[in-house]
Protein chains: 2
Amino acid sequence: MDEKLWNQRKQSAADWFRQLRDALCARLESLEPEGAVFERKAWQRKDHAGDGSEDLGGGEMSMLHGQAFEKAGVHISTVYGVFSEEFRKQVAGAEDDPRFWAGGISVIIHPTNPNAPTAHMNTRMVVTTKGWFGGGGDLTPMLDAARTPDHQDTVDFHAAYKAACDKHDSDYYPRFKEQCDKYFFLPHRNETRGTGGIFYDHLDSGDWDADFAFTQDVGRAFVDIYPEIAKRRIDLPYDEAMRHEQMQRRGRYVEFNLLYDRGTMFGLKTGGNVESILSSMPPTVMWK
Amino acid sequence: MDEKLWNQRKQSAADWFRQLRDALCARLESLEPEGAVFERKAWQRKDHAGDGSEDLGGGEMSMLHGQAFEKAGVHISTVYGVFSEEFRKQVAGAEDDPRFWAGGISVIIHPTNPNAPTAHMNTRMVVTTKGWFGGGGDLTPMLDAARTPDHQDTVDFHAAYKAACDKHDSDYYPRFKEQCDKYFFLPHRNETRGTGGIFYDHLDSGDWDADFAFTQDVGRAFVDIYPEIAKRRIDLPYDEAMRHEQMQRRGRYVEFNLLYDRGTMFGLKTGGNVESILSSMPPTVMWK
């Protein structure tokens, strides 16, 4: 690999994730009726084996506890170092050279109003002896009445992602939509987490600039569409029964994240930043 | 194995788990100020491979949604059949003959009042070409102020189990207490689930009657001590901050059950009764 070129690429990606974070936080804050804002907190990655002095990267959490958004997290991170023996065999391109770099943004938004859907988005760039992008976004309506493919929120969410995909490759949307449906599924409930979106990984078309541009468009699509969807829902009236339905649906979200989500389990079992990883947990939850 | 003798033993154990269920439900109902009662629901075990006509056992769920006890489940089950290839190698005595029988009781109690601790208890008898008992009970105080080994609730809970153990073998309490502490631990939080209790498995001393008598005493100890502890806490005053602390502590309980509990994961990933397995989830939960 051309080290100088890849250093530039890492820098470009990290700069982008930060810009995207700033744009999304600003847009969500603009919907807060009483001026609630994100609180930012930096963290440094620590290696269990090391003495703590080594620079292994870190990240910035941004958490919002507002009126419109009961809980929202918009996190960026840039981490690097050397994979453990165990992970060398599991990560593409790491078997012979265990050094890695990973930068990304991770977003989870739990609105207060049960009429507004929960949403998740993340994109990342990973570099070993190979380099690739991954990520996606998906929507989880809280009320059964909104959990249909032809509900306006889901129609608009998918349309935004389809447009972002189609700009780059007409195969992307159908492929990445299917991967999303497969991934965000709860076998023990025999139900999907939500109404889908797109999900992709190991994207390396051979044209880094094109893959980066696509990943940027995936982020832009989310910033464009999700706040619009939230905006038309967050002031609708709702009753206690709807709030309870929302809190039970959030329970399914918890079940997915703790039982099946690879990122969550990977992070928790390998000494990741627990506070950041579990910031995706919904704020209030019910199980019948 | 002497089939007639073991059929008698299975019947004795199943009868006992039912008696214990009845005694515990009655005792908890007696603490309900407005007469809330357990609702009972029977279920039949289904085998994914079979046509549904085969008798594979089943169980009875008993759920209480009361004033004193926001949510309590007291479940009994008696299941039997043939282990899949995968499980033959994982279960003692099943490698050469995959037939099994398992009977047990499983209890989880989430009181409404944050001053009252959550408690869990289960005991079971398993028969393959071998036969053994397993189970235990553990306490999870909700408030940090009560999460100490010298808090009265924990002192009394451990004393009851120590007395039950010491009647049978002076090694039992220290051994089973240690196993409990090891098992109910959240590595990603570096904290225990609660303040412990006892936990044992594969108990086969060579004297079935003695092992059964011990398992009965483990159940009796719970019926004797837990309602007493709850009784002195369920009417204490509490404020919203304490309620929030309780709901966040319950979040840790969810994390343990979905990330680490072998019974939960085993059940969910092998087609167990989802409703019964996840009835252990706390009723209302918060994550900050």
Legend entry - Conditions (1) over 30 Å from B:Asp239 (Cβ atoms); (2) surrounded by fewer than 20 Cβ atoms within 10 Å (Cβ to Cβ); (3) at pLDDT 95 or above: number failed by B:Met63: (1)
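Would you pick out the residues in region A:233-265 that are of a type in the set (Gly, Ala, Ser) and modelled with pLDDT of 95 or more? Give the derivation first.
Let us first name the residues in region A:233-265 that are of a type in the set (Gly, Ala, Ser), namely A:241, A:251, A:263.
Answer for region A:233-265, where residues must be of a type in the set (Gly, Ala, Ser) and modelled with pLDDT of 95 or more: A:Ala241, A:Gly251.
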Legend entry - Top-ranked residue in region A:264-288 [being of a type outside the set (Gly, Ala, Ser), more than 8 Å from chain B (Cβ to nearest Cβ) and touching a Lys or Arg at 6+ places or on another chain (Cβ under 9 Å); ranked as farthest from B:Gln246 (Cα to Cα)]: A:Asn273
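Of all residues in region B:142-178, which are farther than 27 Å from B:Pro114 by Cα and either in a helix (DSSP H, G or I) or in contact with a Cys (Cβ under 7 Å, 6 or more places away or on another chain) (or both)? Give the steps one after another, and end with the answer.
Within region B:142-178, the subset farther than 27 Å from B:Pro114 by Cα is B:163-176.
Hits for region B:142-178 are B:Ala163, B:Ala164, B:Cys165, B:Asp166, B:Tyr172, B:Tyr173, B:Pro174, B:Arg175, B:Phe176.
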Legend entry - Any hit, region A:185-204, residues being aromatic (Phe, Trp, Tyr) and within 14 Å of chain B (Cβ to nearest Cβ): yes
Inset, instruction - Could you check, for region A:250-263, whether at least one of its residues is among the aliphatic types (A, V, I, L, M), within 14 Å of chain B (Cβ to nearest Cβ) and under 30 Å from A:Thr128 (Cβ atoms)? - result: yes
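Examine region A:167-180 for a residue that is farther than 30 Å from A:Trp6 by Cβ, in contact (Cβ under 8 Å) with a residue 12 or more places away in the chain and among the acidic types (Asp, Glu), and state whether such a residue exists. Outline the logic, then answer.
Of all residues in region A:167-180, those farther than 30 Å from A:Trp6 by Cβ come to A:174, A:177-178.
If we keep only those that are in contact (Cβ under 8 Å) with a residue 12 or more places away in the chain as well, we get A:177.
So of that shortlist, the ones also among the acidic types (Asp, Glu) come out as none.
No.
Look through region A:89-118, keep the residues that are of a type in the set (Val, Ile, Thr) and under 16 Å from the mean Cα position of the chain (by Cα), and return whichever of them is nearest to A:Gln67 (Cα to Cα).
Here is the first cut: in region A:89-118, the ones of a type in the set (Val, Ile, Thr) are A:91, A:105, A:107-109, A:112, A:118.
Adding the requirement that they be under 16 Å from the mean Cα position of the chain (by Cα) leaves A:105, A:107-109, A:118.
Working: A:Ile105: 24, A:Val107: 18, A:Ile108: 16, A:Ile109: 12, A:Thr118: 15 Å.
Applying the filter and picking the extreme gives A:Ile109.
To keep it simple, each residue is scored yes or no on (1) basic (Lys, Arg); (2) buried (at least 19 other Cβ atoms within 10 Å of the Cβ).
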position	(1), (2)
B:Tyr238	no, no
B:Ala241	no, no
B:Glu245	no, no
B:Arg249	yes, yes
B:Val254	no, yes
B:Thr264	no, yes
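The values are calculated or read from the model by the stated rules, or taken from the named source; none is laboratory data. Since this is a predicted model, take the numbers as computed values, not measurements. Every residue, glycine among them, receives a Cβ derived from its backbone with ideal geometry; neighbour counts consider all protein chains shown.
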